[in-house]
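Inspection log for the structure reproduced underneath, given as structure tokens.
Values in this text are rule-based calculations from the coordinates and carry no lab data. Please read all numbers here as calculations on a predicted model, not as lab measurements. Glycine also receives a Cβ, built like all others from the backbone with ideal geometry; neighbour counts cover every protein chain displayed.
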Amino acid sequence: MGNSLDDLFKRVLTARIFVNRDILRPDYVPDDLPHRQSQILRLAEILAPVLQGSRPSNIFIYGVPGTGKTAVTKHILKKIGSEGRNVGVSLNIAFINCKHDDTNYRVLADLCEAVGERIPFTGLSTSEVLKRFINLADASNRSMFVVLDEVDSLVKKTGDKVLYDLTRINNQLSRAKVSIIGITNDLKFTEYLDPRVRSSLGEEELVFPPYNASELEDILKKRSEGAFHGGVLGGEVIKLCAALAAKEHGDARRALDLLRVAGEVAERGGDIKVTEEHVRKAQREVEKDRVVEVIRTMPLHSKLLILSLHLLERRKGGGGITGEVYEVYTSVTKRFGVEALTQRRVSDLINELDMLGIANARVVSKGRYGRTKIVRLSISDRNLRDAFQEDPRMVAYLGK
Ligand SMILES: Nc1ncnc2c1ncn2[C@@H]1O[C@H](COP(=O)(O)OP(=O)(O)O)[C@@H](O)[C@H]1O
Ligand SMILES: [Mg+2]
């Protein structure tokens, strides 16, 4: 063991694959964003009036994951911030990731922090924190951008109260001006919004379409420039990463992950070139990580449903129709001592699993009895075991 660890360290230390692998990581914001020129220009056009002291329209940005929404928004705000400094206009900018800060209190506390005051984790009411934010923002006498990234997470969890308050906030400000940029991966998200919030948030709307394979190829080429040593990437490596990610709804994050992990697989193996074989291995790793992470963080009933599908499949040697799935699910909930959700809810959860690529639901005709679905898991037992690892009761049901 000791020996093979030594070998591994040696291989990684002497490897000549990466110059700087951080360039390929998801949180790195590149200066150059190929194939987003029109979105960059449009966003700049909408926001630029801030430099003359006018309040830019609120904006709503949509697009599936990995289409550059976060990167483009950060890029533009950085540019506007520095242009502002050049011309003597100071701006307040709050960039909030609502997936991490998913309570009204956290969002408002972050806003206060962006205008210079730290708010304790608890102890104040949200209306008190809002009041403080309004006072602080106004006292700063600056224009402010409030970016609510992945805002759908916040609204799904706590409703649109904070959004409502924020879209009205300019009425209460006499000197400062606030513009809101809402970003969402969920295209149907506006259905959850009060119509007044929807219309004031959507003063302007911007859609980020998915990238196609050749666009992803350009993106990867550009990003790989400073990341890899020259001549390390095999001829078809970038093309393959781009093609695989294009199948995943054109997700640039996925494409970059594949390329980075392919490099790491090569490095660990002591290879001097990254090949298509490494990309294939990377794909299995990335997919496994994604599935395991998604399941691990799911709510209890989704996990119980996954367990039910697994048990059903083991019993029947294949998928089951929705009625059978529900039967197994109710008996599993009994054994876990929790109340079962309605069949309707479970059917929604099945659709969700299908969308996430964790299960596969196929509609079949039952002759004159109408149609039903055959549902089966589309992940391996091994991944399932990894996903349930932290929950011994679940693992116990998986059998040996
Ligand atoms: N046009 C592009 N050029 C270079 N990198 C990009 C481009 N679009 C997206 N990326 C990168 O892909 C990853 C995902 O992009 P991101 O902006 O987080 O997507 P979204 O917010 O739409 O889910 C990030 O690492 C980002 O830097
Ligand atoms: Mg994003």
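Given just the C-alpha atoms of region 211-294, how large is their convex hull per residue in cubic angstrom?
83 Å³
Let me check I've understood the local charge: for residue 131, count other residues with C-beta under 14 angstrom from its C-beta, Lys and Arg +1, Asp and Glu -1. What total comes out?
Details: positive: 132, 168; negative: 117, 128, 138, 165.
Value of the local net charge: -2.
In whole angstrom, how far apart do the alpha carbon centroids of region 370-400 and region 223-292 sit?
Region 370-400 and region 223-292 have Cα centres spaced 28 Å from each other.
Rounded, prolate or oblate for region 41-120? Axes are the square roots of the Cα gyration tensor eigenvalues, ordered a ≥ b ≥ c, and the cut-off for rounded is a/c under 1.5.
Cα axes put region 41-120 in the oblate bin.
Reachable lysines from residue 188, Cα under 26 Å, same-chain residues fewer than 8 places away excluded?
Output for residue 188: 69, 74, 99, 156, 157, 161, 247, 303, 373.
Near residue 290, within a Cβ-to-Cβ distance under 13 Å, what is the net charge of the other residues, with Lys and Arg +1 and Asp and Glu -1? Each step should come with its number before you reach the end.
On the way: positive: 253, 254, 284, 288, 296; negative: 248, 251, 257, 285, 287, 289, 293, 386.
So the environment of residue 290 carries a net charge of -3.
Only Lys, Arg, Asp and Glu count, each charged at its Cβ (+1, +1, -1, -1), so figure out the dipole size of region 252-400 about its Cα centre, rounded to 20 debye.
680 debye
Take peptides 244-255, 318-329 and line them up by average Cβ neighbours within 10 Å, highest first, as a rough protection proxy.
244-255, 318-329
What percentages make up the Cα-Cα pair-distance distribution of region 250-400 when the bins are 10 Å wide from 0?
Histogram of Cα-Cα distances, whole percents per bin: 10, 34, 29, 18, 8, 1, 0.
What ratio of Cα Rg to 2.2 N^0.38 Å holds for region 146-293?
After normalising by residue count via 2.2 N^0.38 Å, the value is 1.42.
About the Cα centre of the chain, how large is the charge dipole given +1 on each Lys and Arg Cβ and -1 on each Asp and Glu Cβ? Please answer in debye to the nearest 20.
That gives the chain a dipole magnitude of about 920 debye.
Which of the listed residues, 63, 212, 320, is farthest toward the dipole's positive end in the chain, when Lys, Arg count +1 and Asp, Glu count -1 at the beta-carbon?
320
From largest to smallest, what semi-axes in whole angstrom does the chain give when each is the square root of 5 times an eigenvalue of its alpha carbon gyration tensor? Intermediate results must be reported in sequence, preceding the final value.
On the way: eigenvalues 317, 209, 83 Å².
So the equivalent ellipsoid measures 40, 32, 20 Å along its semi-axes.
Going by the alpha-carbon gyration tensor, a ≥ b ≥ c the square roots of its eigenvalues, is region 37-207 rounded (a/c under 1.5) or, if a/c is not under 1.5, prolate (a/b greater than b/c) versus oblate?
Judged from the Cα gyration tensor, region 37-207 comes out oblate (a/c at least 1.5, b/c at or above a/b).
Only helices at least 20 Å long along their own axis, judged from Cα atoms, and with Kyte-Doolittle mean hydropathy of -0.5 or greater: name those in the chain from DSSP H.
Once both thresholds are applied, what remains is 126-140, 252-268, 300-316, 322-336.
Given 396, 162, 190, which one lies farthest toward the positive end of the charge dipole of the chain, if we put +1 on the Cβ of every Lys and Arg and -1 on the Cβ of every Asp and Glu?
Among 396, 162, 190, the one farthest towards the positive end of the dipole of the chain is 396.
What list do you get for 397, 62 if you sort them by fewest beta carbons within 10 Å?
397, 62
Within 10 Å of each candidate Cβ there may be at most 15 other Cβ atoms; applying that plus a DSSP loop requirement, which chymotrypsin sites (Phe, Trp or Tyr not before Pro) in region 87-136 survive?
Values: sites: 95, 105, 121, 133; in loops: 121.
Filter output for region 87-136: 121.
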